[in-house]
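The values are calculated or read from the model by the stated rules, or taken from the named source; none is laboratory data. Note that the structure is predicted; figures quoted are calculated from it, not measured. All Cβ positions, even for glycine, are placed from backbone atoms using ideal geometry, and neighbour counts span all protein chains on display.
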Amino acid sequence: MTAARFRIAVAKGRLLQEALPLLGRAGLAPDGDPLRERRLVMPCADDGGAEIVIIRAADVPTFVEYGAADFGIAGKDMLMEHDGRGFYELCDLGIARCRMVVAGHARRGAPPRRPRVATKYVATARRHFAQSGRQADIVKLYGSMELGPILGLSDLIVDLVDTGETLRTNGLAEIEEIAGISARLIANRASMRIKGTAMRAVADRFAAAARTE
Ligand code: AMP
């Protein structure tokens, strides 16, 4: 591993696509195309001291918490699921916006008093139902949550909604919103202590780039 001044972990997929223009405006564009290449670690083209690491969205908080990356760019959905103790959340980058919702069949009556809820956001779903004093049985899925109610696996789902098209197409409808979601810049706590001034300068570049979004 190179001795980079800063390592920035970025969640791959939809978030990476939206993060690339922002990284460019912050002067931290990778020296290649992470959407096409297989390289997992890329130096920043205009900042020799920084490098971008492309990792699975759910792993970004872990890499930052353990200091394997100084910064991370991850969806608020992943931070809520991770419990957020091992890092600072520095700013809202205003990209990859969507909402986390509870959804169910569009044309059926109220769900049972103790619904079964399919989701990949187990901790968030559990917290949401507990906070509102309701019982629910949470079932972990890794994708295509919409199939839960369709195939009778669950009464409800907790998932991200952007345009609402996926829910509509599958005969489902939003029942309640849990949280507004967007990508956040997070930082390792020890890195902020040790390289505080330089880290804050990088965070300011991100905040300025986010404002011009
Ligand atoms: P939509 O049909 O536009 O409402 O998008 C819903 C589908 O896209 C669901 O499968 C979501 O899990 C996924 N999705 C929506 N927004 C995001 C996001 N910001 N990050 C990751 N997945 C998302």
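Could you say which residue among GLY48, GLY32, GLY75 is in contact with a Ser or Thr (Cβ under 9 Å, 6 or more places away or on another chain) and either assigned by TED's automatic domain parsing to the domain that holds ALA190 or on the phi > 0 side of the Ramachandran plot (or both)?
When all the criteria are applied, what remains is GLY75.
Could you check, for the stretch 138-147, whether at least one of its residues is within 15 Å of the ligand (Cβ to nearest atom) and either part of a helix (DSSP H, G or I) or β-branched (Val, Ile, Thr) (or both)? Yes.
Every residue in the stretch 111-138 that is surrounded by fewer than 17 Cβ atoms within 10 Å (Cβ to Cβ) and more than 14 Å from MET100 (Cα to Cα), please. So that I can check it myself, show each step before the final result.
Here is the first cut: in the stretch 111-138, the ones surrounded by fewer than 17 Cβ atoms within 10 Å (Cβ to Cβ) are 112-114, 122-123, 126-127, 130-135, 137.
Within the stretch 111-138, PRO112, ARG113, ARG114, ALA130, GLN131, SER132, GLY133, ARG134, GLN135, ASP137 meet the criteria.
Taking the criterion of being crowded, with 19+ Cβ neighbours inside 10 Å, in a loop (DSSP other than H, G, I, E, B) and among the small types (Gly, Ala, Ser), the residues of the stretch 56-96 that qualify are ALA69, ALA96. Report whether or not LEU167 is of a type in the set (A, V, I, L, M), part of a helix (DSSP H, G or I) and within 12 Å of the ligand (Cβ to nearest atom). Criteria met by LEU167.
Taking the criterion of being among the charged types (D, E, K, R), out of contact with any helix residue (DSSP H, G or I) (no Cβ under 6 Å at 6 or more places or on another chain) and at pLDDT below 95, would at least one residue in the stretch 126-137 satisfy it?
If we filter the stretch 126-137 for residues that are among the charged types (D, E, K, R), which is where we start, we get 126-127, 134, 137.
Filter once more, so that each one left must be out of contact with any helix residue (DSSP H, G or I) (no Cβ under 6 Å at 6 or more places or on another chain): 126-127, 134, 137.
Within this subset, residues satisfying the condition of being at pLDDT below 95 are none.
No - not one qualifying residue is present in the stretch 126-137.
A single member of GLU37, GLU18 is farther than 26 Å from LYS120 by Cα and either without any contact (Cβ under 8 Å) to a residue 60 or more places away in the chain or within 16 Å of the ligand (Cβ to nearest atom) (or both), and it is GLU37. In this entry, ALA123 is excluded by the filter for residues that are closer than 18 Å to ARG56 by Cβ, in the same structural domain as GLY196 (by TED's automatic domain parsing) and modelled with pLDDT of 95 or more.
Scanning the stretch 170-203 for residues that are within 11 Å of the ligand (Cβ to nearest atom) and part of a loop (DSSP other than H, G, I, E, B) turns up ASN170, SER182. Residue check: ILE181 meets all listed conditions (1) of a type in the set (Val, Ile, Thr); (2) within 30 Å of GLY49 (Cα to Cα); (3) within 20 Å of the chain's Cα centre (by Cα) but one, namely (2).
Condition (residue is of a type in the set (A, V, I, L, M, F, W, C) and either in contact with a His (Cβ under 6 Å, 6 or more places away or on another chain) or within 16 Å of the ligand (Cβ to nearest atom) (or both)) applied to the stretch 43-56: is it met by at least one residue? Let's see the steps before the verdict.
Residues of the stretch 43-56 of a type in the set (A, V, I, L, M, F, W, C): 44-45, 50, 52-55.
In the following step, the residues that additionally are either in contact with a His (Cβ under 6 Å, 6 or more places away or on another chain) or within 16 Å of the ligand (Cβ to nearest atom) (or both) were identified as 54-55.
Yes; the residues of the stretch 43-56 include at least one that is of a type in the set (A, V, I, L, M, F, W, C) and either in contact with a His (Cβ under 6 Å, 6 or more places away or on another chain) or within 16 Å of the ligand (Cβ to nearest atom) (or both).
When GLY143, GLY148, GLY152, GLY164 are screened for being without any contact (Cβ under 8 Å) to a residue 40 or more places away in the chain, buried (at least 21 other Cβ atoms within 10 Å of the Cβ) and not assigned by TED's automatic domain parsing to the domain that holds MET80, only GLY148 passes. With respect to the conditions (1) out of contact with any helix residue (DSSP H, G or I) (no Cβ under 7 Å at 6 or more places or on another chain); (2) more than 10 Å from the ligand (Cβ to nearest atom); (3) not aromatic (Phe, Trp, Tyr), ASP159 falls short on a single one, namely (2).
Could you say which residue among GLY148, GLY152, GLY143 is within 18 Å of LEU172 (Cα to Cα) and modelled with pLDDT under 95?
Numbers: GLY148 fails: modelled with pLDDT under 95; GLY152 fails: modelled with pLDDT under 95.
Of GLY148, GLY152, GLY143, the one residue that is within 18 Å of LEU172 (Cα to Cα) and modelled with pLDDT under 95 is GLY143.
Go through the stretch 23-55 and give me each residue that's touching a strand residue (DSSP E or B) at 6+ places or on another chain (Cβ under 9 Å) and in a helix (DSSP H, G or I). Scanning the stretch 23-55 gives a single hit, LEU23.
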